[in-house]
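**Student:** Before I ask anything, here is the structure I am working with.
Every number in this text was worked out from the coordinates using simple rules, so none of it is lab data. If you're wondering where the values come from, they're calculated on a predicted model, not measured in any experiment. Positions of Cβ are backbone-derived with ideal geometry, glycine not excepted, and every protein chain shown enters the neighbour counts.
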Amino acid sequence: MNISRKTCFFFSAYGGTERVARLLSEKLGIEKYVFNFTSDSVFLDFREDDLVVFCVPVYGGRIPSPIYDRMKDISGKKTPAVVVTVYGNRAVDDAGIEMRDLVSSKGFVVVGYAEFIAPHSLAPQYGAGRPDSSDISVMDHFASELSSRIEATDKPQPVTVPGNRPYTRYSGSLVKPVVSRSCIQCGECVNFCPAGAVDPDEPRHIDGKKCIGCMGCIERCLQGARSVPKPVQAGIALALRKSCSERKEPRFIL
Ligand SMILES: Cc1cc2nc3c(=O)[nH]c(=O)nc-3n(C[C@H](O)[C@H](O)[C@H](O)COP(=O)(O)O)c2cc1C
């Protein structure tokens, strides 16, 4: 089939998913339509001759909860779509199937699926340097196979995405950033926060119930006023050591 337009959406607080999304977009020849929907929703309807790539990170074996909101104004009409999950070298668990289900419920047909590894945003020593050259060769292979599959058929078939239903239970991250006195209340974090957890009138106040622990406000704070306390960081690194130390490899399904 002939694809008239290719689009990529990504959700990325710490930068790993963005890196994967931009590399893959380049390989798929997506130049203009790469949308960051981490902080804001995008209103777009797609047609049958579009191809849409959705790149999302894995949080607790699931997709980050704000993605449900980001997807509310995006719809397809039997539009071929690709789901890409990016994880911190532990496991994807049910994030792939959850995103597949969400995307399908919006009128897309998931014709390709891939998993890549990036630094773990809660303990970046795991997945450090990923995606590396070996991951990028897998990405090359995925992009070229995907393009030839789509070209070769009039009706690309849905793929089976790994994972289970009901999805693994995840009740949110216990790791929340703290704010120091160097906060000048500039509002960068208010504008970025994907969960609307930073109080716009008092940015030093984070709503712990809303915060998804994405680490995005720490990354963006120009004053270095947000952090996870060192002992907590050390505890996370230790807790993840067993499941994250061994190198995981990217994979794809077409
Ligand atoms: C709250 C939270 C939960 C996470 N859960 C998982 C997980 O279940 N499995 C995993 O391998 N990585 C997990 N990660 C790591 C992220 O999937 C990984 O760092 C990803 O690259 C984050 O995307 P970003 O860099 O675009 O923000 C988690 C990260 C956060 C912040």
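**Student:** Would you work out which of A152, V198, L174 lies farthest towards the positive end of the dipole of the stretch 147-254? Charges go on Cβ: Lys and Arg +1, Asp and Glu -1.
**Tutor:** L174
**Student:** Using a basic spin-label model with each label point 7 Å from the Cα along Cα→Cβ, how many nm lie between L222 and H205?
**Tutor:** That separation, rounded to one decimal, is 2.5 nm.
**Student:** Putting +1 on Lys and Arg Cβ atoms and -1 on Asp and Glu Cβ atoms, find which of I97, V110, P229 reaches farthest to the positive end of the dipole of the chain.
**Tutor:** P229
**Student:** Please arrange I253, I212, I67 by how many other C-beta atoms lie within 10 Å of their C-beta, fewest to most. Show your work: numbers first, answer last.
**Tutor:** Values: I253 16, I212 19, I67 24.
Ranking I253, I212, I67 by Cβ neighbours within 10 Å, fewest first, gives I253, I212, I67.
**Student:** If you wrap a convex hull around the alpha carbons of the stretch 178-227, what volume per residue comes out, as a whole number of Å³?
**Tutor:** Working: hull volume 3.2 nm³, N = 50.
Each residue corresponds to 64 Å³ of Cα convex hull volume.
**Student:** Which translational diffusion coefficient, to the nearest whole µm²/s, is obtained for the stretch 57-124 from the Stokes-Einstein equation, given a Kirkwood hydrodynamic radius over C-alpha pairs, 10 °C and 1.306 mPa s? Working shown, then result.
**Tutor:** Details: Rh = 12.4 Å.
Using the Kirkwood radius from Cα pairs, D works out to 128 µm²/s.
**Student:** Around D101, what is the net charge, scoring Lys/Arg as +1 and Asp/Glu as -1 over all other residues with Cβ under 13 Å from its Cβ? Write down the numbers at each step before the final one.
**Tutor:** Values: positive: R62, R100, K106, R165; negative: D94, E98.
With Lys, Arg at +1 and Asp, Glu at -1, the neighbours total +2.
**Student:** Given charges of +1 on the Cβ of Lys and Arg and -1 on the Cβ of Asp and Glu, with all other atoms neutral, how large is the dipole of the chain about its Cα centre, in debye to the nearest 20? Let's see the in-between values first.
**Tutor:** Numbers: 33 positive and 29 negative charges, 132 e Å.
Around 640 debye, computed over the chain.
**Student:** Here is a follow-up. Taking the Cβ of S173 as the centre, find all other residues whose Cβ is under 13 Å away and add up their charges (Lys, Arg: +1; Asp, Glu: -1).
**Tutor:** On the way: positive: R62, K176, K209, K210; negative: none.
With Lys, Arg at +1 and Asp, Glu at -1, the neighbours total +4.
**Student:** May I pose another question? Restricting attention to the chain, give the cysteines that have no other cysteine Cβ less than 4.7 angstrom from their Cβ.
**Tutor:** Unpaired cysteines in the chain: C8, C55, C183, C186, C193, C211, C214, C221, C244.
**Student:** So, one more: Among D154, D101, D93, which comes first, then next, by fewest other beta-carbon atoms within 10 Å?
**Tutor:** Arranged by neighbour count, lowest to highest, D154, D101, D93 become D154, D101, D93.
**Student:** Right, here's the next one. Can you work out the base-10 log of I(q)/I(0) for the stretch 43-82 at q = 0.15 1/Å, using the Debye formula on its C-alpha atoms alone?
**Tutor:** -0.41
**Student:** A further question follows. For the stretch 9-17, take each phi angle, set θ = phi - 60°, evaluate the Karplus expression 6.51 cos²θ - 1.76 cosθ + 1.60, and give the result in whole Hz per residue in order, putting x for glycine and proline.
**Tutor:** Result, ordered by residue: 10, 9, 10, 8, 8, 10, x, x, 5 Hz.
**Student:** How fast does the stretch 5-166 diffuse by Stokes-Einstein, in µm²/s, taking the Kirkwood radius from C-alpha pairs at 25 °C and 0.890 mPa s? Don't skip to the answer; put the middle values down first.
**Tutor:** Numbers: Rh = 15.6 Å.
Using the Kirkwood radius from Cα pairs, D works out to 157 µm²/s.
**Student:** Let me ask something else about it. Show the residues, 5+ positions off or on another chain, whose built amide H is closer than 5 Å to the amide H of R251.
**Tutor:** So R251 has HN proximity to E115.
**Student:** Roughly how many debye, to the nearest 20, is the charge dipole of the stretch 178-227 about its Cα centre, given +1 on each Lys and Arg Cβ, -1 on each Asp and Glu Cβ, and no other charges?
**Tutor:** The dipole of the stretch 178-227 has a size of about 140 debye.
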